[in-house]
Amino acid sequence: CTRAPEETRSLGEALGGALRRAADAPGAGPGAGPAAVLGLAGPPGSGKTCFVQGLARGLGVRGVVRSPTFTLIHEHRGPVPLSHVDLYRLEASDLEGLGLEEILDGAGVVAIEWADRAPGALPPEHLLIEFEFGPGESDRCLRFIPRGPLAERCVAVLRACASSR
């Protein structure tokens, strides 16, 4: 659980750093393709975009990261490219024309907000992150559900980060 937006961003930054290090490893990680995929699920205002802002910082992406609610996909360049996808306004039947398959086949990291709206869109290997409101006004609780070895390594890094606080 985090107690402030900056803590949520810091957690995202730790994950971004882990993915960036994985990309630097020869023949493995988000630089080698296919993309490392993060599925983000939770109610509006629960910290998904805030987390992606930190993720981008950890990946070395410069510039502003905003929710792609109306544009659906924002692509950010950096040492490890980030595609930020928002499925909030889409129905599962709308996914076909979105070009998500091409993004998932590319290199980098793909963060999909509202992934619960299209669970079939996530590849078998991904990291699902569920966001919930905590007891305090700024508290957010995140649950990490790894699917595959890269996701499991990332969760281990996040556990180590959380225990060092």
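The values are calculated or read from the model by the stated rules, or taken from the named source; none is laboratory data. What you see is a predicted model; the values in this text were computed from it and never measured. Here Cβ is always computed from backbone atoms with ideal geometry, including for glycine, and neighbour counts include all displayed protein chains. All accessible areas refer to the heavy atoms of the entire protein, side chains included, with ligands and DNA or RNA removed. Shrake-Rupley method; radii C 1.70, N 1.55, O 1.52, S 1.80 Å.
Checking residue 61 against (1) open to solvent by 30 Å² or more (accessible area, probe 1.4 Å); (2) in a loop (DSSP other than H, G, I, E, B); (3) at pLDDT 90 or above; (4) farther than 19 Å from residue 119 by Cβ, which test does it fail?
Here residue 61 meets the rest and fails (1).
May I ask you to list the residues in region 100-150 that are crowded, with 19+ Cβ neighbours inside 10 Å and among the small types (Gly, Ala, Ser)? Reasoning before the result, please.
Kept after step one, since they are crowded, with 19+ Cβ neighbours inside 10 Å, are these residues of region 100-150: 100, 103-104, 108-115, 118, 121-122, 126-129, 131, 140, 142, 150.
Scanning region 100-150 gives 108, 111, 115, 118, 121.
Would you mind stating whether residue 148 is modelled with pLDDT of 85 or more and not polar (S, T, N, Q)? Don't jump to the end; show me each part of the working.
Working: modelled with pLDDT of 85 or more: yes; not polar (S, T, N, Q): yes.
When the stated conditions are applied, residue 148 passes them.
Within region 74-99, track down each residue that is under 22 Å from residue 12 (Cα atoms), open to solvent by 30 Å² or more (accessible area, probe 1.4 Å) and either modelled with pLDDT of 95 or more or among the hydrophobic types (A, V, I, L, M, F, W, C) (or both). Break it down stepwise before answering.
As a first pass, look at region 74-99 and keep what is under 22 Å from residue 12 (Cα atoms): 74-88.
If we keep only those that are open to solvent by 30 Å² or more (accessible area, probe 1.4 Å) too, we end up with 74-75, 77-79, 81, 88.
If the condition is that a residue be under 22 Å from residue 12 (Cα atoms), open to solvent by 30 Å² or more (accessible area, probe 1.4 Å) and either modelled with pLDDT of 95 or more or among the hydrophobic types (A, V, I, L, M, F, W, C) (or both), then no residue fits.
Consider residue 37 carefully, then state whether it is outside any helix (DSSP H, G or I) and either under 22 Å from residue 122 (Cα atoms) or modelled with pLDDT of 90 or more (or both). Please lay out each step first, then the result.
Numbers: outside any helix (DSSP H, G or I): yes; either under 22 Å from residue 122 (Cα atoms) or modelled with pLDDT of 90 or more (or both): yes.
Criteria met by residue 37.
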